[in-house]
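The values are calculated or read from the model by the stated rules, or taken from the named source; none is laboratory data. Quick caveat, the model's predicted, so the values are computed rather than measured. A quick note on method: Cβ atoms are made from the backbone with ideal geometry, for glycine too, and the neighbour counts reach across all protein chains shown. For accessibility, only protein heavy atoms count, side chains too; no ligands or nucleic acids. Shrake-Rupley method; radii C 1.70, N 1.55, O 1.52, S 1.80 Å.
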Amino acid sequence: MTEDFIQENEDRELFRRIKQGSEEAFREVYAKYHRILYAVALKMLKDRSAAENAVQHVFVKLWIGRQDMTVMLSLRNYLYTMTRNYILNYLRSRNTELVHSYRLAQLVPEASDPLDAQIEREDLSQVLDTVIAGLPTQKRQVMCLRKAGYSNPEIAEMLNLSVNTVRSHYQEGVKLLKSRFGHIVLLIVTLQTLFL
């Protein structure tokens, strides 16, 4: 017998016991898979708190819905799929505001009126500010100052950092925004720099 086969049989037995209400079996599954699921969630979310919340959600759902669940292949794959689905839904809900703003921007005809252009810039600026507010402190400060029109040397002097550090924080900030919110943020950042 292979190791995978033995593990799947053990998992089937643990899941059978969980369905019957065994807290001990639940604790065993939690101890066995918490770290793996957390690593997967952290890799996808790049945020420790959000990753921990995702894993907790999966285990709560496993316990609460245990009697209605059917694990066809392996418990490990089932938990992984639950985690991935939760994360995808979480990311979709976080991106809803950005997607909505992007779609609205697509529906609005190109502004010929200076007042319309100003309102559009302010809307994009608000969305960008919301996204930037979620960044770590120094990256957030650098992004805000760059958005305000300050150069890297000016920002370096204000924050008492080297110009290379400022440049690095800006590049990492843009990378974080892109990883968390995809190409919508890149579009907003690009539009924002065009408006400045």
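A few comments on the model shown:
- The residues of the stretch 1-35 include none that are modelled with pLDDT of 85 or more, of a type in the set (S, T, N, Q) and under 11 Å from ARG76 (Cα atoms).
- Count of the stretch 64-88 residues, restricted to those that are assigned to a helix (DSSP H, G or I) and open to solvent by 60 Å² or more (accessible area, probe 1.4 Å), is 8.
- Top-ranked residue in the stretch 138-154 [being open to solvent by less than 60 Å² (accessible area, probe 1.4 Å) and outside any helix (DSSP H, G or I); ranked as modelled with the highest pLDDT]: SER151
- Matching residues, the stretch 48-59, being open to solvent by 10 Å² or more (accessible area, probe 1.4 Å) and more than 10 Å from TYR90 (Cβ to Cβ): ARG48, SER49, GLU52, GLN56
- Residue check for ALA133: at pLDDT 70 or above and within 21 Å of LEU42 (Cα to Cα): yes
- Only one entry in TYR90, TYR38 is modelled with pLDDT of 85 or more and either hydroxyl-bearing (Ser, Thr, Tyr) or farther than 30 Å from GLY173 by Cβ (or both), namely TYR38.
- Residue ID - surrounded by the most Cβ atoms within 10 Å (Cβ to Cβ), chosen from residues in the stretch 1-47 that are of a type in the set (Gly, Ala, Ser) and over 26 Å from the mean Cα position of the chain (by Cα): ALA25
- Qualifying residue in the stretch 2-17 (condition: closer than 30 Å to LYS175 by Cα and free of Cβ contacts under 8 Å to residues at least 12 places away in the same chain): no
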